[in-house]
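Structure first, commentary second.
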Amino acid sequence: MKQTLAVMCIVALALFAIGCEEPEEARAREEVERAQWLQSNANKVIGDIQYIKDPRTGLCFAYYWGDTNFGGPALATVPCEAVPPELLTVAK
């Protein structure tokens, strides 16, 4: 019985030691995951922006509704000449 308990303790310690990451490795992995999340977030936000032109004033706006994960809603003026025509919706 004591031998079985001793063997189980040794196996548990070995698994614990093998399964532990070094702090530097864990930090590097977290930085990579954070960079990937930020890139994914940026891609989603940029993909969801709508560009709208107000014909009464000639002003153009970048509109983003957002959601609980990415913030919003947001509205900002943008230079009309910076918006590609295929992305610009002109209000009627």
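List of remarks:
- Theoretical FRET efficiency, 1/(1+(r/R0)^6), r = Cβ-Cβ of Thr89 and Gln36, R0 22 Å, to 0.05: 0.10
- Isotropic mean projected area of the C-alpha convex hull, the stretch 27-85 (nm²): 5.1
- Of the trypsin sites (Lys or Arg not before Pro) found in the stretch 25-57, those in coil by DSSP whose Cβ has at most 15 other Cβ atoms within 10 Å are Arg56.
- Compared with the direct C-alpha span, the chain from Ile46 to Ala28 gains 3.8 nm at full extension, assuming 0.36 nm per residue.
Throughout, read-outs are computed from the coordinates displayed, never taken from laboratory work. Just so it is clear, the structure is predicted and the values come from calculations on it, not from any experiment. Ideal geometry is used to build each Cβ from the backbone, glycine not excepted, and the neighbour counts take in all protein chains shown.
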